[in-house]
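The values are calculated or read from the model by the stated rules, or taken from the named source; none is laboratory data. Computed from a predicted structure; not experimentally measured. Here the Cβ positions follow ideal geometry from the backbone for every residue, glycine too, while neighbour counts run over all protein chains shown. SASA here: full protein model, heavy atoms, side chains in, ligands and nucleic acids out. Shrake-Rupley method; radii C 1.70, N 1.55, O 1.52, S 1.80 Å.
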Amino acid sequence: MATSAQTEIQPTVEAVQAELASLEDAKMRAANEQRGDDHGVNLTKLRGVAKAVKLPPAPRHDFALELWATGDTATRLVALLICSPKRFGVGELDAMIREGRIPKVHDWLVNYVAKKSPHLEELRELWAEDPDQLVAAAGWDLISHQVYKKPEVLDLSALLDTIEARMQDAPKDLQWSMNNTLAAIGIENPELRDRALAIGERLEVLKDYPTPPNCTSPFAPIWITEIVRRNEERAN
């Protein structure tokens, strides 16, 4: 088991899980469970566990697959931190997104693995229209990513058509991801900004979302306007 004097954890499932168990905090578990995350490990400390697994890239990825196969949330989070995203095939990632339904696992799988995959475009097209709302939400998260990174592969006007027709009645997770895409299009594309703002105003999705002080509301018209303002300030 790793301590402050140790910088390495034995690359076995048992050793990693023992270390995670030593970091378990009942209060953190209770707080996480309110968000649907069934683990009680501080994420900074969990990242430390991942860093303490010392292996070359190929065995490290194979070990990540062993950790993922446990089905345990904290162990799967370590797996997502130590895996090699480019080594997964489409079928593997498709199976994982359908298995990884815990919010933090889903989030890290999309952001740390799928977005770095050479199969990103295939996954985007495969997932975005899936009848499973969590899988579809992952597809729309990849769409949002491409709005910023590779917009030439997208039909932005058609995406706005889809958002306008479907976002208001979409299930919660899918609605959130579609809203992210709406905001991204409005922020990144001045020629489509007025339309994105108008869609947001008309649909009123997340208009009343409770937003902490000093944070930007996820309501698309507010979000778009604020980020554009900040970008313009930086440019000047």
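Before moving on, here are some points about what is shown:
- Förster-model FRET efficiency, 25 Å R0, residue 208 and residue 230, C-beta, rounded to 0.05: 0.60
- The distance separating the Cα centre of region 190-236 from that of region 1-61 comes to 37 Å.
- Think of the chain as a dipole: +1 on every Lys or Arg Cβ, -1 on every Asp or Glu Cβ, centred on the Cα centre; then among 84, 218, 181, 84 lies furthest on the positive end.
- Sequence-separation-based contact order of region 182-229, relative, with Cα cut under 8 Å and 6+ spacing, percent: 39
- Residue-level accessible surface for residue 112, protein heavy atoms, 1.4 Å, Å²: 70
- Acute angle (nearest 10 degrees) that the helix 190-203 long axis makes with the longest principal axis of the chain, alpha-carbon atoms: 90
- Entries in 45/172; 45/86; 104/207; 27/51; 86/172 that, when Cα-Cα distance is taken, lie over 28 Å: 45/172; 86/172
- Anisotropy class of region 164-236 from Cα gyration tensor, a/c 1.5 cut: oblate
- Principal-axis tilt of helix 90-99 within the chain, Cα atoms, nearest 10 degrees: 90
- Within straight-line cross-link reach of residue 149, aspartates and glutamates at Cα separation under 19 Å, skipping those fewer than 8 residues along the same chain: 107, 121, 122, 125, 141, 188, 191
- The chain: relative contact order in percent, alpha carbon pairs under 8 Å with at least 6 residues between: 11
- Cα long-axis angle, helix 156-166 against the chain (0 to 90 degrees, to the nearest 10): 90
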